[in-house]
1. Please go through the range 31-70 and pick out each residue that is among the acidic types (Asp, Glu) and in a loop (DSSP other than H, G, I, E, B).
2. Kindly provide the set of residues from the range 1-27 that are closer than 19 Å to Ser97 by Cβ and open to solvent by less than 40 Å² (accessible area, probe 1.4 Å), ordered by number.
3. Among the residues of the range 60-72, write down those that are of a type in the set (A, V, I, L, M) and open to solvent by 70 Å² or more (accessible area, probe 1.4 Å).
4. Tally time: how many residues in the range 28-39 are of a type outside the set (S, T, N, Q) and open to solvent by 60 Å² or more (accessible area, probe 1.4 Å)?
5. Here are Thr114, Thr103: which of them is of a type in the set (Val, Ile, Thr) and more than 26 Å from Gly15 (Cα to Cα)?
6. Test Tyr57 against the stated conditions and say whether it is under 18 Å from Trp110 (Cα atoms), touching a strand residue (DSSP E or B) at 6+ places or on another chain (Cβ under 8 Å), surrounded by 14 or more Cβ atoms within 10 Å (Cβ to Cβ) and at pLDDT 95 or above.
7. Could you check the range 37-56 and list, in sequence order, the residues that are closer than 24 Å to Ser119 by Cβ and under 11 Å from the mean Cα position of the chain (by Cα)?
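The values are calculated or read from the model by the stated rules, or taken from the named source; none is laboratory data. The structure displayed is predicted, hence computed values, not measured ones. Note that we place each Cβ from the backbone using ideal geometry, even for glycine, and neighbour counts take in every protein chain shown. Accessible surface areas use protein heavy atoms only, side chains included; no ligands, DNA or RNA. Shrake-Rupley method; radii C 1.70, N 1.55, O 1.52, S 1.80 Å.
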Amino acid sequence: QVQLVESGGGLVQAGGSLRLSCAASGRTLSMGWSRQTPGKEREFVSAISRSGGSIYYADSVKGRFTISRDNAKNTVYLQMNSLKPEDTAVYYCAASSYSYSVTPGHYSYWGQGTQVTVSS
């Protein structure tokens, strides 16, 4: 089946950068990233179609985050620049059988999450 493993989280100062990776086992699917902070609703951050031709960013991260994928490695990346304290969250990688979707309910597979902490 499909298994997703996130990595690359850590502690950074505001204004810094991190690059998250999501290694997938199984067939190639459309992918997305969500994040969750304790006490708040999960926010769908970014999505990329199977081919990489369609991309979505939430307004909160647009212009700062970049999603990409390398299908040869079956890996999706989230480059996060100009990080802010409000970006602090557990980031989850997800995969969908839809060709492209920005709806969390369309994502059937989820990784274990990786913690990102941004200090002032």
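1. We begin by selecting, within the range 31-70, every residue among the acidic types (Asp, Glu); these are 41, 43, 59, 70.
Glu41, Asp59, listed by residue number.
2. If the condition is that a residue be closer than 19 Å to Ser97 by Cβ and open to solvent by less than 40 Å² (accessible area, probe 1.4 Å), then Val2, Leu4, Cys22, Ala24 are the ones that fit.
3. Taking the range 60-72 first, the residues of a type in the set (A, V, I, L, M) are 61, 67, 72.
Across the range 60-72, the qualifying residue is only Ala72.
4. Of the range 28-39, the ones of a type outside the set (S, T, N, Q) are 29, 31-33, 35, 38-39.
Now narrow it down to the ones that are open to solvent by 60 Å² or more (accessible area, probe 1.4 Å): 38-39.
Adding up the residues that qualify gives 2.
5. Values: Thr114 fails: more than 26 Å from Gly15 (Cα to Cα).
Selected residue: Thr103, the only one of Thr114, Thr103 that is of a type in the set (Val, Ile, Thr) and more than 26 Å from Gly15 (Cα to Cα).
6. On the way: under 18 Å from Trp110 (Cα atoms): no; touching a strand residue (DSSP E or B) at 6+ places or on another chain (Cβ under 8 Å): yes; surrounded by 14 or more Cβ atoms within 10 Å (Cβ to Cβ): yes; at pLDDT 95 or above: yes.
Here the answer is no, as Tyr57 does not meet what is asked.
7. Glu43, Val45, Ser46
Yes/no matrix, rows are residues, columns are (1) closer than 14 Å to Leu18 by Cα; (2) open to solvent by less than 10 Å² (accessible area, probe 1.4 Å); (3) touching a strand residue (DSSP E or B) at 6+ places or on another chain (Cβ under 9 Å):
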| residue | (1), (2), (3) |
| --- | --- |
| Glu41 | no, no, no |
| Ile48 | no, yes, yes |
| Asn74 | no, no, yes |
| Val102 | no, no, yes |
| Gly111 | no, no, yes |
